[in-house]
Structures are given as C-alpha cells and as structure tokens.
Amino acid sequence: ADALIHFYLFPYNEHQLTLPQLQRARAAAEKAVALAPDDALAQAMLGFILMWAREHDASFEALRKAVSLNPSEAGAHRWLAAALYFAGLNRESIEVGERADRLDPFYPALVLALRSRPYTMLGDFEPALRLTSTCTERLPKLSTCHVDRAAAAAGAGLDDEARAAAKRLLEVNPRFTI
C-alpha cells in the first residue's frame, strides 16, 4: 500500500516524479516483496518502480514473475509492456500489451496513449493514430494523449494533424515544453 501511495496514486505525470518519491516507493515495494514474495501485485509494483529507476533487467524479472504468479492479471501485463517499451523492446511491448487487452478490454483511456508509443517508434503509424485518436476523444484534457497523437501524426507525415494535436496540447497544458 505504501508503494501505491508514494508512487502510483500520484497523478500520471512522469515529469513530477522525484527521486525521494521513487526511493520511498521502491523501499515500500521491496518490503512488500520481502514479506510476500509470491504476491503478484507486490512483484508487479516493484517491477514498475524499477522501470522508472531505469533498472530494466530487474524490472523485467519482477514483472515476469508477477505475470507467472498470476497470468490473468492484466495490470501486470500492462506494466511489463510499458517496461519493455521504455527499454526499447517495442515489438515485445506490443505483444504483451495485446495480451493485456485480451485479458481486460475495459482499461483506462490513458492506456491507449501508452500503447501507441511502441507503434510510433517502429514506424507503424496506423495503429498509433487509431489508439491516440480514441485517447483524445475519451480524455480530451490529458496532455499525454495529445503528445502521442502529435508524434504519431508527424511520423506519418500528417503535418496538419500533427500541428492540430500540438495546438490542442498547448490549449490543455499551456506550460508544456519539449
């Protein structure tokens, strides 16, 4: 629970993440894993936190253990997909993300933006554009949706759409900078 409080329940904004916050979350997650090493949620939380710490191998180990402990837990699959993307393993990230979608097709709209990223990185812009379009429709005030939409549109050569997404981003978050 402490790991959730220190880390996961903060509003989604990777730029607000602070080192002390990450350290407190990590300590809490490590304690949870020490107390219950076979708890899938504890392993998944530790793996997700290790992803943010850029400890990719340790992150993969914890997240894969979480998936093996509870193969039907979509959240662990989603966090593993995110960790794979952050490490540049985009094809594997897509596969794991699709598995998570099959396990739980009723996920938060933010997931759409995050799932678009590996497609954009691979130059497969059609799925990225579809995912970000749905994200911006469902969460029109979430900066992440517009950032990922602008990146996918620009990559696809849709300059007008990229400019429109960037404009909407600045309307939602006037202080946004690259």
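The values are calculated or read from the model by the stated rules, or taken from the named source; none is laboratory data. Model, not experiment: these values are computed from the prediction. Virtual Cβ from ideal backbone geometry, glycine too; neighbours counted across all protein chains shown. Surface accessibility is based on the protein's heavy atoms, side chains included, excluding ligands, DNA and RNA. Shrake-Rupley method; radii C 1.70, N 1.55, O 1.52, S 1.80 Å.
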With respect to ALA100, is the statement that it is of a type in the set (A, V, I, L, M, F, W, C), open to solvent by less than 20 Å² (accessible area, probe 1.4 Å) and either outside any helix (DSSP H, G or I) or under 18 Å from TRP52 (Cα atoms) (or both) true? no
Residue under evaluation ALA29, criteria (1) at pLDDT 95 or above; (2) assigned to a helix (DSSP H, G or I); (3) more than 22 Å from LEU142 (Cβ to Cβ), criterion not met: (1)
Sole exception among (1) buried (at least 20 other Cβ atoms within 10 Å of the Cβ); (2) over 19 Å from PRO108 (Cβ atoms); (3) at pLDDT 95 or above for LEU69, by number: (1)
For segment 142-178, which residues satisfy the criterion of being at pLDDT 95 or above and in a loop (DSSP other than H, G, I, E, B)? ALA156, GLY157, LEU158
Filtering segment 104-124 down to residues that are more than 14 Å from the chain's Cα centre (by Cα) and farther than 17 Å from GLU92 by Cα, which residue is most open to solvent (accessible area, probe 1.4 Å)? PHE106
Among the residues of segment 163-176, is any open to solvent by 50 Å² or more (accessible area, probe 1.4 Å), within 30 Å of ARG64 (Cβ to Cβ) and touching a residue at least 24 places away in the same chain (Cβ under 8 Å)? no
